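Take a look at the structure set out below.
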Amino acid sequence: MYHCFSGEGNTEIILETLLTYSALENSPIEQEDFPVEFSACSGEDALENDHCGTDDSNDQDYKDTFSEKDKKLLTLVEMGFSVEEAAAAIDRCGLDAQVLELADSIHAAQMAEEPDETGLNPRFMTSDEFGHCSERKRRRVVTEQRKLKRSCLPRRRRDYVRKCPVDVDDAPMAIPKPMIGFGLPFEKCTTRRILPDSAIGPPYFYYENVALAPKGVWDTISRFLYDIEPEFVDSKYFCASARKRAYIHNLPIDNRFPLLPIPPKTIQEALPMTKKWWPKWDKRTQLNCLQTCIASAKLTERIRKALEGCDDLPPPQVQEYVLGECRKWNLVWVGHHKVAPLEPDELEMLLGFPSNHTRGGGISRTERYRSLGNSFQVNTVAFHLSVLKKMFPNGINLLSLFSGIGGAEVALHRLGIPLKTVVSVEKSKINRNIMRSWWEQTNQKGNLIDLDDVQQLSGDKLEKLMKLYGGFDLVVGGSPCNNLTGSNRYTRDGLEGQHSSLFYDYFRILDLVKCIMARNS
């Protein structure tokens, strides 16, 4: 295969081989409902974990049959580049280059070339998707695409042209402290930002992922999404649990308002039954990040035995051990010397979902924990989306990409914004069932179209949906962050990871939506 991938072989054969591999990788052999592995979440980084214990062994057998060069070429092709561009980038940069460096090298090479007669790069829109624009609209869309192409380049493009690879971690994006975004409820917004012309809505877009990602990840996400600065927010300012996230969006930031009633901000306000048993030496007032995995019964029993025989003030070493485990696993006091993990309904309350949102329908407790751990925090998201209420008093068309159990939909509903049409793409059948159950329970009057494969959203499919229901007013996206979170010691491979690479699909689909809407305006 090295011979083919060097550019000397038949590209159709290469693509056929790549597509065959991709089909195998996504076949039913690979199950998404993995068992929870409690031992995978350990150390300080577990406090920021949103997913752990994912087992990638099922598809490893297929990957082992391909060389390192083949794997990188496959990843680049799945990101939308041609085989020739991918092979040339690998030849230029060498096998040791990271995929993101190769992608940036391809963008730099594209900019160094003269544009074709339309000035349009097929990475962003194919000729079929470009359609039958008038000359005026054609020039307008071409200008939009050129701006988008520039926004995808590294800020020091010439460095990539002269020598490759370049370390994308040289200037990592600084995470602010405190993590309050562009302002909190009941505070006047003092931040002023100017969006690039290519980023101004409609459609509005909103993308979320874990804030404490590997270096360079948010720089890359920002670069693809029009160089918009992420809004870093810790949900501890909106509820009784920390949840450090970053959001890139083109929404207005003035005149936001919070959901009412304001949720409790401390553990004992949120869980008043714990107050009776809470020891004075446990000074926690808020929980750490809510995870997809919980402490085992063996651990809570070890803590009980460690405290057995102690008076109201255990020895310092016992206190240190117990508090460390309580912080790591969000354990709360439910009896004398007795701790327990949060129940799924308590997670729903802390995350802003309605009671029993994930209950029923044959969904197990383990599956409920996993779905909730990978969800939005509704109050935080609703604060950001609240600016849409005056803009869309008659309802909104929403495109929801890999956003789990409907956090954005619940937020819009609680804000009083009617959901006219929701097109939801979610691989997990469990999450799709949860979302459809909520839709029916809340008597939604609009249309819910749910898809299980992001590849179904081609340009033709999007255009048909938009002709049938109208353009999308908001494109929301998120993806499981197990490839980014620090507690994942096995597959913390950033945006190259199996789940986090969905970001590139988010960018691809958003770009298509913008183009179709520009063409039809």
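Here are the numbers for this structure:
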quantity	calculated
Residues located in region 388-415, provided they are over 22 Å from THR358 (Cα atoms) and out of contact with any strand residue (DSSP E or B) (no Cβ under 9 Å at 6 or more places or on another chain)	LYS389, LYS390, PRO393
Some residue of region 283-297 being closer than 17 Å to VAL381 by Cβ and modelled with pLDDT under 95	yes
Check on ASP452, in contact (Cβ under 8 Å) with a residue 40 or more places away in the chain and either surrounded by fewer than 15 Cβ atoms within 10 Å (Cβ to Cβ) or not assigned by TED's automatic domain parsing to the domain that holds VAL475 (or both)	no
Of the criteria (1) in contact with a Ser or Thr (Cβ under 8 Å, 6 or more places away or on another chain); (2) surrounded by 16 or more Cβ atoms within 10 Å (Cβ to Cβ); (3) on the phi < 0 side of the Ramachandran plot, which one LYS338 fails	(2)
Residue selected from region 465-521 under the condition in contact with a Pro (Cβ under 7 Å, 6 or more places away or on another chain) and among the β-branched types (Val, Ile, Thr), by the criterion modelled with the highest pLDDT	VAL475
Test: residue in region 435-444 that is without any contact (Cβ under 8 Å) to a residue 12 or more places away in the chain, on the phi > 0 side of the Ramachandran plot and among the polar types (S, T, N, Q)	yes
Matching residues, region 200-236, being out of contact with any Leu (no Cβ under 7 Å at 6 or more places or on another chain) and β-branched (Val, Ile, Thr)	ILE200, ILE221, VAL233
Residues that are over 18 Å from the mean Cα position of the chain (by Cα) and buried (at least 22 other Cβ atoms within 10 Å of the Cβ), drawn from region 398-414	LEU412
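The values are calculated or read from the model by the stated rules, or taken from the named source; none is laboratory data. It should be emphasised that the depicted structure is a prediction, and the values quoted were computed from it without experimental measurement. When we count neighbours, we look across all protein chains shown, and the Cβ atoms used for this are built from the backbone with ideal geometry, even at glycine.
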